[in-house]
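One structure is given here, and the rest of the page talks about it.
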Amino acid sequence: MKTDWWSKSLAGIVAGFTLALALAGLFAWAGPGGINAVNKYQLIMWMVAPLWLSAVSLVFLFPSGCHAWAWLGGANVCAWIALVLTRSWLG
Amino acid sequence: MRSDIIRTYKAVHTWTGITTGLLLFVAFYAGALTMFKAPLLRWAEPAVLAPAPAVLSGDQLIARTLAQRPETAKEFTLHLEGPLRLSWQKTRRDDSPFIAAPDADGSIAIGQTRSAGLDWLVDVIHRTGGLPLDVETGTMVTGLAAGLYTVALVSGLIILLPSLIKDLFALRLGHNLKRLWLDAHNLVGLFSLPFHLVMALSAVVFGWHDLLYDSLNEAVYKGQMRTVMRASNPPAPFAGDKSTAVPLGVDVLLAHVAVVAPGFRPTSLQYRDFGTKAATVRVSGEDPRYLVRGHGFLLLGAVSGSVIGTEYLPGQQGVWASVVSSFFALHFGSFGGDTVRWGYFALGLAGAFLFYSGNLLWIESRRRRQRGGDECPGQSRSSRTMAALTVGICLGCVAGLSAAIVAARWLQGVFIDVNGWSRGIYYIIFVLALFIALRHGAARAAAPLLGLAALCTAAIPLSSLLLWRSAVPGIDVVAACGAVVLAVLARKTAARAAHGPADSVWSAAHNAKKV
C-alpha cells in the first residue's frame, strides 16, 4: 500500500466534494417530494457535509493515489451523468 | 485489519488531531458553558433582568415608544421574558441594541443596552474557538477545523477497531502512564462518538453553508436556488402595502397563538412594518416536547391575526424542515430540558478532555528517555513547544472565561460597553497565560497557571459571598467544585515538576532553560 498523501488527500477533498454534490443533487431531484418540496433544499445542503467528509476520511483506504482518483473519478462520472439526465428529464 | 492501513490512519489521526486540538479545546470548553448561558447572564446581572412590576401593558409600551421613535416601526421586538421591554437594532449585526422600558412612573426610558451580554461573549468564544476574529470569519475557521476533526474521528475509530474488544473497558492503572492516558482517550472518544460526529458535521455546515449553497445552486438547482428558497417562505399577504392599519393587541395575538399551537410558550414578538396593512409578527417561543432550533416561531399577520407560516413551529413543521431542525437541536442541546443540558455540559467537558489528552499522547510518544547512567536527554523542541502551547491555551481559556464571568458581574453598571470589557479581560488573561507558558516552558508554567485558573474560578462564588447575593446559587456551587479540582491539579503538577522523572517534558529540572 502506498501512502501518496497529497494525491489521496486531494482526491478526497476535490473529487469527494463533486461526488457529494452530485449525490445530494440526485436525491434533490429524484428523492421524495422532488426538487421543489418546501424547505427540502436545506436538508440537501446538510447532506453534502457528511457525504463529502466520508470520502475525505475513507480515501486513505485505497492502495494508491491513482486508485483513489480512478474510483472516485469513475463514481463522479456515473453520478454526474445520472444527475444531468435526471435534471433534464424532470426539470 | 491490515497493519499498513492502521499505520496510515494513525498518521491521519495524528495530523488532523494535532492541528485542530487546541482550537477545539476552546470551542468545547466554551461550548459546555453555553449550555447554561441564560443562568450565567442572570447570575451576572440580577438587577437588570429581574422581572419588574408591570406598570404598562405591551400595547401601551409599543404605542409610547413609537410616539418617541417613529422610525422603529419598521422592525422591533417585544420581550415577554424578564422585564417587559422593546428592543431594536440599527443593523443586523449590531451588538448593543436599543432598549425601551417603562420607568416606575410609566414614562419610557430609551437607551442602548448596558447588558454585559455574558451569554453573547461565551457564545462568540465558542463559535470562533477563541480566535480574535469577527464571528463570521471565526465560524469559518472553526468549520474548517471541524472538517479535519471529522476525519480525526473516523481515523481514530479505524485505529481502535482491531483491538476494540480488548482495549475498550481496559483502564490499565499501572506504571505505564501513557497506556492509562491512551485508554482514557479511547474510552471517552468511543462513548461520545455520536455526540462528536453531530458536533463536527454541524459545525462544518455552520461555517460553510454559503459555499455549499452556492455550489448546489450551480450544480443542482440550475441557478434557481433563490426561487426555490423563496417558494419555501410564502410572502405575507399585503406585502409592501404601506396603507395605515391598526394591528391586533398583544393579548389578542397571543390568544391566536394559543389556539394554533397549544403547549407553545411564547417568549418574544418581533414586529415588522408596524402600523401598516403589511404588518407581520413573528412569535418566538419554546416547546420542550420537540427538537427545535433553540427557538421555534410562528408567523402571523399582525392586523388580521391570520397564520402566514408554521414551517418553524415545533410540531407543525413539514418533514424536511423538521429533520433540519433536529440537526440544530442536536447541536444546541435545545431539547429535553435540564437533563439534556447537564448531559451536554458533561459531554462538552469530556470533549475538551479528549483534545487535551490527545496532545499529551502526542508529546509522550515523542519522549526521549534516559537510559541507564547516561546523561538525561532534553526533550525535542517540537515537544517542548507543543507542551507549552497546550498548557498555555487550555489553561488560559479556562482562567480567561472565569475571569470574564466575574468581570461581567463587577463591571455591571460601571461601563456602558461591559461587553467589550469582559471580552478584553478574557483576552488579557488568555494572552498572559500563553506568554507565561511559552516563556517559562510547560513544566514551570503548568502549576502557576492551574493556580491562576483555580483563583479566577474561585472568584465566581467569592463574588457572590462578598456581594452577599446570588441569583443562581447553582453557578456558585459548580464554580466552587471546578476551583477545587483545578487547585488539586495545581498541587499535583507542582509535585511532578519537582520530583517526577527528569527525562520528561513535564520536569522542571531539565527543560527550564531550553524553551
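Quick notes on this structure:
- Residues satisfying the stated conditions in the range B:210-250, i.e. surrounded by 17 or more Cβ atoms within 10 Å (Cβ to Cβ) and not aliphatic (A, V, I, L, M): B:Y213, B:S215, B:N217, B:Y221, B:S232, B:F238, B:P247
- Meets criteria (of a type in the set (V, I, T) and farther than 21 Å from B:W88 by Cα) for B:T244: yes
- A:A70, sole failed condition from (1) modelled with pLDDT of 95 or more; (2) facing another protein chain (nearest Cβ under 7 Å); (3) more than 25 Å from B:Y149 (Cβ to Cβ): (2)
- Some residue of the range B:436-452 being among the hydrophobic types (A, V, I, L, M, F, W, C), in a helix (DSSP H, G or I) and surrounded by fewer than 16 Cβ atoms within 10 Å (Cβ to Cβ): no
- Of all the numbered requirements in (1) part of a helix (DSSP H, G or I); (2) within 14 Å of another protein chain (Cβ to nearest Cβ); (3) over 23 Å from B:W15 (Cβ atoms), B:L148 misses one, and that requirement is (3).
- Filter pass, B:V292 being under 18 Å from the mean Cα position of the chain (by Cα), in a loop (DSSP other than H, G, I, E, B) and outside the structural domain of B:L33 (by TED's automatic domain parsing): yes
- Matching entry among B:A27, B:A101 (being surrounded by 14 or more Cβ atoms within 10 Å (Cβ to Cβ) and at pLDDT 90 or above): B:A27
- Note on the range B:191-207: residues that are more than 14 Å from chain A (Cβ to nearest Cβ) and buried (at least 16 other Cβ atoms within 10 Å of the Cβ) total 2.
- Test result for B:V340, of a type in the set (A, V, I, L, M, F, W, C), closer than 20 Å to B:M199 by Cβ and free of Cβ contacts under 8 Å to residues at least 12 places away in the same chain: yes
- Residue count for the range B:1-18, restricted to those that are within 9 Å of chain A (Cβ to nearest Cβ) and touching a residue at least 60 places away in the same chain (Cβ under 8 Å): 3.
- Filtering the range B:286-294 for residues that are surrounded by fewer than 18 Cβ atoms within 10 Å (Cβ to Cβ) and among the basic types (K, R) leaves a non-empty set.
- Residue in the range B:166-183 that is in a helix (DSSP H, G or I) and within 20 Å of B:L24 (Cα to Cα) present: yes
- Among the conditions (1) in contact with a helix residue (DSSP H, G or I) (Cβ under 6 Å, 6 or more places away or on another chain); (2) away from every other protein chain (no Cβ under 14 Å), the only one that B:H331 does not satisfy is (2).
- Test: residue in the range B:233-251 that is assigned to a helix (DSSP H, G or I) and under 21 Å from A:L23 (Cβ atoms): no
- Among the residues of the range A:19-31, some residue qualifies, meaning at least one is within 15 Å of B:H209 (Cβ to Cβ), at the interface with chain B (Cβ under 9 Å from one of its Cβ atoms) and in a helix (DSSP H, G or I).
- Screening B:V319, B:V323, B:V340 for residues that are surrounded by fewer than 20 Cβ atoms within 10 Å (Cβ to Cβ) and touching a Gly at 6+ places or on another chain (Cβ under 6 Å) leaves exactly one candidate, B:V340.
- Subset tally (residues that are surrounded by 21 or more Cβ atoms within 10 Å (Cβ to Cβ) and at the interface with chain B (Cβ under 7 Å from one of its Cβ atoms)) for the range A:47-63: 6
- Pick from the range B:453-493, criterion in a loop (DSSP other than H, G, I, E, B) and either of a type in the set (S, T, N, Q) or touching a residue at least 60 places away in the same chain (Cβ under 8 Å) (or both), ranking: nearest to B:L33 (Cα to Cα): B:V472
- Members of the range A:11-31 that are within 26 Å of B:D4 (Cα to Cα) and touching a residue at least 40 places away in the same chain (Cβ under 8 Å): A:A11, A:G12, A:I13, A:A15, A:G16
The values are calculated or read from the model by the stated rules, or taken from the named source; none is laboratory data. In this text the structure is predicted, and so the values were computed from the model without any measurement. For neighbour counting, all protein chains shown are included, and Cβ atoms are generated from backbone atoms with ideal geometry for every residue, glycine included.
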